[in-house]
Amino acid sequence: MTHEEILQGLYDNTLVGNAPEVKDLVNQGLEDELEPEKMLYDALIPSLEEVGARFERGDFFVPEMLIAARAMQGALDILRPLLAETGAQQVGTYVMGTVKGDVHDIGKNLVNIMLEGAGFTVHDLGVNVAPEKFVEQVQEHQPDIVGFSAFLTTTMPMFKANINALEKAGIRDDVIVMVGGAPVTQEYADKVGADGYASDASAAVRLAKDLIQRKRSLVSA
Ligand code: B1M
């Protein structure tokens, strides 16, 4: 099989949720020295975007989204150690979760993988995380950054609720707040008072490092 055929196979089989075939193709890609990032960004993510487009058009329903997501997760299980493998030095601590009311986690997990690869210690709180839980975990781990992911327009307002909860607990200024997720924009992040917004996992890592550096230089100035 050529690299192009493997990528096309990954795209097609993720689209129809054929998890065993997706796993086989990922393994075959690795055997043939196809880069993990290429499989992710040129096949798996575009395929999920097409799943979303079909869902919006009414051609796909929740079960189709679910099996496509499972196929993607199977691929990520194999790719995770390879994507995270950089030997980077410890750069900071991150508490991350998908906000209350939202169960999407593939994008969040991908950000976590990249953060770990860049040298962050990540405490992943999972999905459907209530504001009180974020507060409790920030108090416990005292991270440099807390990250809120939201993938639905209806759950984005939880960013503000989470920030309000941090304020109420008196710890808002102790931690950098980052937000992200498919429907989120810089404008929305500014509106709710977040310190940073990133559109994808690589941008999230760059921004996280940048925000930490800025905060540390302010403290030492
Ligand atoms: Co849902 N879903 N879903 N879904 N789903 C979307 C998000 C949707 C856009 C589909 C569509 O209509 N086109 C739509 C939201 C519309 C909106 O509000 N704007 C939608 C809907 C409507 C729903 C339900 C309401 C459907 C229903 O029940 N009627 C329901 C809600 C359930 C709930 O949460 N309460 C629902 C359910 C599901 C499944 C459970 C079936 C499944 C999720 C499985 C899982 O995650 N374990 C699912 C899926 C798979 C999708 C799509 C198809 C794919 C999402 C995905 O994984 N993308 C999605 C369509 C789409 O996104 N085009 C859709 C790939 C991922 C790598 O990208 O998530 O954007 P993304 O993550 C990126 C960035 O956003 C960023 O980096 C990531 C990596 O590059 N990022 C951050 C993420 N978090 C960040 C945090 C940061 C910084 C960057 O800092 C803290």
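Out of curiosity, is Leu115 part of a helix (DSSP H, G or I), assigned by TED's automatic domain parsing to the domain that holds Ser199, touching a helix residue (DSSP H, G or I) at 6+ places or on another chain (Cβ under 8 Å) and near the ligand (Cβ under 10 Å from one of its atoms)? Taking the combined requirement at face value, the residue satisfies it. Scanning segment 189-203 for residues that are within 12 Å of the ligand (Cβ to nearest atom), open to solvent by less than 40 Å² (accessible area, probe 1.4 Å) and at pLDDT 95 or above turns up Ala189, Ala194, Gly196, Ala198.
Restricted to segment 165-188, and to residues there that are within 14 Å of the ligand (Cβ to nearest atom) and in a loop (DSSP other than H, G, I, E, B), the residue that is nearest to the chain's Cα centre (by Cα) is Gly181. The residue that is surrounded by the fewest Cβ atoms within 10 Å (Cβ to Cβ), counting only those in segment 126-147 that are in contact with a strand residue (DSSP E or B) (Cβ under 6 Å, 6 or more places away or on another chain) and within 20 Å of Val91 (Cβ to Cβ), is His141. Looking only at segment 97-109, decide whether some residue is within 12 Å of the chain's Cα centre (by Cα), in contact (Cβ under 8 Å) with a residue 12 or more places away in the chain, under 17 Å from Ala203 (Cα atoms) and not in a helix (DSSP H, G or I). Within segment 97-109 (the criterion being within 12 Å of the chain's Cα centre (by Cα), in contact (Cβ under 8 Å) with a residue 12 or more places away in the chain, under 17 Å from Ala203 (Cα atoms) and not in a helix (DSSP H, G or I)), the answer is no, since none of the residues qualifies.
Selection of helices (runs of 4 or more DSSP H) fully inside segment 1-73 by the criterion of at least 2 residues being at negative phi and touching an Asp or Glu at 6+ places or on another chain (Cβ under 9 Å) returns 3-15, 19-31, 45-57.
Scanning segment 166-197 for residues that are out of contact with any Lys or Arg (no Cβ under 6 Å at 6 or more places or on another chain), touching a residue at least 24 places away in the same chain (Cβ under 8 Å) and under 18 Å from Thr155 (Cβ atoms) returns Val177, Met178, Val179, Gly180, Gly181, Ala182, Pro183, Val184, Tyr188, Ala189, Gly193, Ala194. Does segment 205-214 contain at least one residue that is modelled with pLDDT under 95 and within 12 Å of the ligand (Cβ to nearest atom)? Yes, segment 205-214 contains at least one residue that is modelled with pLDDT under 95 and within 12 Å of the ligand (Cβ to nearest atom). Phe61 meets all of the listed conditions (1) within 20 Å of the chain's Cα centre (by Cα); (2) within 15 Å of the ligand (Cβ to nearest atom) but one, namely (1). Scanning segment 85-104 for residues that are modelled with pLDDT under 95 and either surrounded by fewer than 18 Cβ atoms within 10 Å (Cβ to Cβ) or near the ligand (Cβ under 9 Å from one of its atoms) (or both) returns Glu85, Thr86, Gly87, Ala88, Gln89, Gln90, Val91.
The values are calculated or read from the model by the stated rules, or taken from the named source; none is laboratory data. The structure presented is a predicted model; accordingly, all values stated were derived computationally and were not measured. Using ideal geometry, Cβ is built from the backbone for each residue, glycine included, and neighbour counts are taken over all protein chains shown. Accessible surface areas use protein heavy atoms only, side chains included; no ligands, DNA or RNA. Shrake-Rupley method; radii C 1.70, N 1.55, O 1.52, S 1.80 Å.
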